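J.: Sharing a structure here in structure tokens format.
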Amino acid sequence: MLPYSELLQLKRWNTPTIYNGWEQITKRDPAADAFNLEETRDFMPQMGPMVGYAITVVIEPSNKAHREANPDGWNEYRRYVASIPGPKIVCVQDLDKPRTIGAFWGEVNSNMHRALGCVGSIIDGAIRDVDEMTNAGFKALARRLCVGHAHVHPVRWNCEIEVFGRKVSPGDLIHADKHGFLVIAPEEQPRILEASRFMDSNECETVIPAARGSAGLSSDQVLANLAAAGAQFGKNVQAKFKRDGEW
């Protein structure tokens with residue numbers, strides 16, 4: 001796991017900035033892998049980004065048989081949550097999708113998970129008690145709101161799941177905000193802060209000042225400056241990562 005100090009620094013940037021760093025160090029396809037493929041909704045955007053390690057659980061609120069099959073399921077699941085070091089983001093696959101009828105998250109469950117070191121959730125289903133969840137300091141990216149909890153009960157946990165079209169495994173590093181979320185595999189985590197910091201600085205030193213310093217210049221001058229800045233941006237990326245940049 002990364003030092004907590006690095007996680008705090010990652011939290012200073014939005015998720016697209018972290019993606020910009022991630023795409024330079026990953027061996028995966030940056031056009032299709034690691035981020036949500038379906039639209040998410042951030043119900044607490046004022047809380048900013050959240051960063052943590054994935055713990056996973058599957059639910060099916062429409063099916064009351066899960067409670068009957070494992071009446072101690074909540075206690076077993078919470079022992080699993082407590083056994084994992086934080087900060088943690090609870091990733092929840094709702095088997096009722098797209099007909100989500102019950103909320104796993106509300107005021108009580110959010111406070112309980114916060115006490116166990118969880119900072120938020122990504123749930124491919126519904127939540128409720130948004131104001132109370134926010135007051136608990138528990139952030140959520142979800143599909144929608146709903147009124148009730150139905151027969152919500154942990155079905156299985158500590159397993160690979162799928163949320164918003166993206167596979168998530170326990171121990172993946174998650175960075176999430178109002179734009180969506182990024183799943184950073186263990187082998188990519190050691191360089192993610194360095195890469196994100198570099199890409200942010202590279203933009204601020206090349207293409208952004210070239211664009212914002214265009215007042216009073218002719219179109220030809222602006223275009224020439226943008227081209228030169230873009231070329232320098234790419235050279236900086238190539239020198240740092242030995243691969244092409246986005247510009």
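J.: For the stretch 176-235, how many residues meet the condition of being among the hydroxyl-bearing types (Ser, Thr, Tyr), farther than 30 Å from VAL119 by Cα and in contact with a helix residue (DSSP H, G or I) (Cβ under 9 Å, 6 or more places away or on another chain)?
T.: Residues in the stretch 176-235 being among the hydroxyl-bearing types (Ser, Thr, Tyr), farther than 30 Å from VAL119 by Cα and in contact with a helix residue (DSSP H, G or I) (Cβ under 9 Å, 6 or more places away or on another chain): 2 in total.
J.: Have a look at VAL81, VAL108 and point out the one that is at pLDDT 95 or above, touching a strand residue (DSSP E or B) at 6+ places or on another chain (Cβ under 7 Å) and in the same structural domain as LEU182 (by TED's automatic domain parsing).
T.: Testing whether each residue is at pLDDT 95 or above, touching a strand residue (DSSP E or B) at 6+ places or on another chain (Cβ under 7 Å) and in the same structural domain as LEU182 (by TED's automatic domain parsing) leaves just VAL81.
J.: If you don't mind, there's one more thing I want to ask. Taking the stretch 199-219 only, how many residues are farther than 30 Å from GLU162 by Cβ and either surrounded by 18 or more Cβ atoms within 10 Å (Cβ to Cβ) or of a type in the set (D, E, K, R) (or both)?
T.: 8
J.: While we're here: If you scan the stretch 112-150, which residues turn out to be not in a loop (DSSP other than H, G, I, E, B) and not aliphatic (A, V, I, L, M)? Full working, then the answer.
T.: Narrowing the stretch 112-150 to residues not in a loop (DSSP other than H, G, I, E, B): 112-115, 118-123, 126-127, 130-135, 139-142, 144-145.
Hits for the stretch 112-150 are HIS113, ARG114, CYS118, GLY120, SER121, ASP131, GLU132, THR134, ASN135, LYS139, ARG144.
J.: Moving on. For a quick check of your reading of the model, give me the residue pairs whose first member lies in the stretch 209-235 and is in contact (Cβ under 8 Å) with a residue 12 or more places away in the chain, whose second is in a helix (DSSP H, G or I) and among the charged types (D, E, K, R), with beta-carbon atoms closer than 8 Å and at least 6 apart or on different chains.
T.: Partner pairs satisfying both residue conditions: PHE233/GLU203.
J.: When you go through ASP172, ASP177, ASP129 one by one, which is the residue that is closer than 28 Å to VAL90 by Cβ, surrounded by 15 or more Cβ atoms within 10 Å (Cβ to Cβ), free of Cβ contacts under 8 Å to residues at least 60 places away in the same chain and of a type in the set (D, E, K, R)? Show your work before the answer.
T.: Details: ASP172 fails: free of Cβ contacts under 8 Å to residues at least 60 places away in the same chain; ASP177 fails: free of Cβ contacts under 8 Å to residues at least 60 places away in the same chain.
Answer to the selection: ASP129.
J.: Criterion first (in contact with an Asp or Glu (Cβ under 8 Å, 6 or more places away or on another chain), modelled with pLDDT of 95 or more and assigned by TED's automatic domain parsing to the domain that holds LEU145) does GLU132 satisfy it?
T.: yes
J.: Condition first: touching a residue at least 60 places away in the same chain (Cβ under 8 Å) and either closer than 18 Å to GLN46 by Cα or surrounded by fewer than 23 Cβ atoms within 10 Å (Cβ to Cβ) (or both). Now tell me which residues in the stretch 139-152 satisfy that. Please lay out each step first, then the result.
T.: First pass over the stretch 139-152, keeping only residues touching a residue at least 60 places away in the same chain (Cβ under 8 Å): 139-145, 149-152.
Across the stretch 139-152, the qualifying residues are LYS139, ALA140, LEU141, ALA142, ARG143, ARG144, LEU145, HIS149, ALA150, HIS151.
J.: Can you name the strands (runs of 3 or more DSSP E) wholly within the stretch 1-105 that have at least 1 residues being buried (at least 21 other Cβ atoms within 10 Å of the Cβ) and of a type in the set (Gly, Ala, Ser)?
T.: In the stretch 1-105, the matching strands (runs of 3 or more DSSP E) lie at 50-59, 103-105.
The values are calculated or read from the model by the stated rules, or taken from the named source; none is laboratory data. Computed from a predicted structure; not experimentally measured. With ideal geometry, Cβ positions are generated from the backbone for all residues, glycine too; neighbour counts draw on all protein chains shown.
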